[in-house]
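Remarks on the structure that follows.
Please treat every number below as a calculation from the coordinates, not as lab data. Note that the structure is predicted; figures quoted are calculated from it, not measured. Here the Cβ is made from the backbone with ideal geometry for all residues, glycine too, and neighbour counts use every protein chain on show.
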Amino acid sequence: MPLLYVALAVVLLLVLMIPLKMNGFISLLLTSLFVGFLVGMPLDKIWSSISSGLGGQLGGTAIIVGLGAMIGTLMADAGAAQRIATRLMDKLGIKRVQVAILIASLILGVTMFYEVAFVLIIPLVFVIVRQTKLNLLYVALPMSIALSTAHSFLPPHPGPAAVAGVFQANMSLTLLYGLIIAIPAAAFIGLTWTRVPFFKKINPAIPEGLVTNKTFTEEEMPGFGVSIFVAIVPVLLMAIDAVCTLFLPKENGFRHIMDFIGSSNMALLIALLLAMWLLGPRVGRPLKDVMQSCSNAVKPMAMIILVIGAGGAFKQVLVDGGIADYIKDMTGGWSISPIILAWLIAALLRIALGSATVAVMTAAGVVLPIAQASGISMELMTLAVTCGSIAFSHVTDPGFWMFKEYLNLSVGEAIKIRTTYTTALGLIGLAGVLILNLFF
């Protein structure tokens, strides 16, 4: 019966989001209430469970999402992101344009959300295409692949950060393991996908009127060193913390310091404070403008934060209603790897729901008891869920339509390109998690 309740909840979520077009936050709240009613929770306990789950989830991820968004927007508004991309292009040259775009997108993708970084880098892609007469897909596809990879595998992005919060995984270790998988995955798919014969036949024209972003002059942009430093500070701090966790004893003093400085919240706060100075008053940009960038950054994240919170509420109702324990007991004797099972659940929800954020939060609630009973590293279980959520992007995914419109593709062409590359990334991610599980 409990599994039937979960199935009915997913069906309700599908109906609310697809035919009725409700947003993920309202849909997850209604689904949480529905599950509470089905399992017979006392009426006064349903909302307390929802509030507890929502508050607990946001307590672990709202700071990360907010700080990450601010850093990304500050870099964009100050011209630091453009500086990184253009300098890499200048150094690597036109023959290595795909490598340059791939590296720039991975660097920017760590602290910028997919949509933000896509809109930021695409004008540069259009300039390169106009100057070199290269195929638009040849230049743009590595960018999109790198951003998709960072968005799905690496905290502080909402999906990985939120699932790590649900599973109580170490955020720094999740980032370190994610980087081990993400870099080769993005490089392999990004540098080979445009060489498949089918893609060579598609040569879309640059769409008119889509890009109005400011292009900075050489004098307006900050230096490359400062720009790259701001981008990688949180990654370096979290990576050092992860290495200390792996190799230093718990009583080591330096490890204790890095546990604080290298925590995701502190690392991002340090990076933001540095960005506020280095990309603000230091280069003649008033602090008032810096604060406006920070305010503008958070507004588009509001719904994402609410969806993440509602996903935590759904998880808590499954736990308080006893469904999580039932799933844990039922799957305990299954021969299938918990990693593969987690990936499949996330991938199926991604196909059904479209939104990766909603899919990954729904999957986290369902997979939590399986993860807890598996004995597998919670960081690897987090990545199993998030790389499942990247697969099978199609017409119900908002990112699919952004990809289609900016690259001037038909629906059929976008399905053949984006759906296949996201699925390939998801499968490579699954393979990477299974391999890492042999060592950690």
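Structural remarks
- Theoretical FRET efficiency, 1/(1+(r/R0)^6), r = Cβ-Cβ of ILE257 and SER51, R0 41 Å, to 0.05: 0.70
- Report note on the peptides 147-157, 292-302: ranked by the mean count of other C-beta atoms within 10 Å, highest first, their order is 147-157, 292-302.
- In plain terms, the residue of PHE440, PHE199 with the fewest other Cβ atoms within 10 Å comes first and the most crowded comes last, giving PHE440, PHE199.
- Working note: 222 nm ellipticity from helices only, DSSP H runs with n ≥ 4, each -39,500 (n - 2.57), summed and divided by the residues of the chain, gives -25000 deg cm²/dmol to the nearest 500.
- Inter-probe distance in nm under a simple model that places probes 7 Å from Cα toward Cβ, at LEU236 and LYS288: 3.4
- Exposed trypsin sites (Lys or Arg not before Pro) absent: longest stretch of the chain, with sites in DSSP loops and at most 15 other Cβ within 10 Å deemed exposed: 251-440
- Rg/Rh for segment 2-436 stands at 0.97; both radii use Cα atoms, and Rh follows the Kirkwood definition.
- Whole-angstrom gap from segment 240-302 to segment 1-50, using each part's C-alpha centre: 36
- Percent of Cα-Cα distances greater than 20 Å, calculated over segment 1-112: 63
- Helix axis angle, 264-278 relative to the chain longest principal axis, alpha carbon, degrees: 20
- Phi to ³J(HN,Hα) by Karplus 6.51 cos²θ - 1.76 cosθ + 1.60 over segment 113-128, Hz, x for Gly, Pro: 6, 3, 5, 5, 5, 4, 5, 6, 8, 4, x, 5, 4, 5, 4, 4
- Taking PHE439, PHE314, PHE260, PHE34 and counting other C-beta atoms within 10 Å, the order from fewest to most: PHE439, PHE260, PHE34, PHE314
- Annotation for ARG96 and MET303: the two label points, set 7 Å from Cα along the Cα-Cβ direction, are 4.0 nm apart.
- 0 to 90° range, to nearest 10: angle between helix 158-167 axis and the chain longest Cα axis: 30
- Going from the fewest other Cβ atoms within 10 Å to the most, the residues TRP277, TRP343 appear in the order TRP277, TRP343.
- Rounded to 0.05, the FRET efficiency of the VAL196 and LEU43 pair, given R0 = 51 Å and the Cβ-Cβ distance, is 0.35.
- Listed residue pairs exceeding 20 Å between alpha carbons, taken from LYS133/LYS200; LYS201/LYS416; LYS200/LYS404; LYS250/LYS315; LYS91/LYS404; LYS95/LYS200: LYS250/LYS315; LYS91/LYS404
- Simple point charges give the picture: +1 on the Cβ of Lys and Arg, -1 on the Cβ of Asp and Glu, and for the chain a dipole about the Cα centre of about 1020 debye.
- Label-to-label distance, GLN131 versus GLU115, with points set 7 angstrom from Cα along the beta-carbon direction: 3.0 nm.
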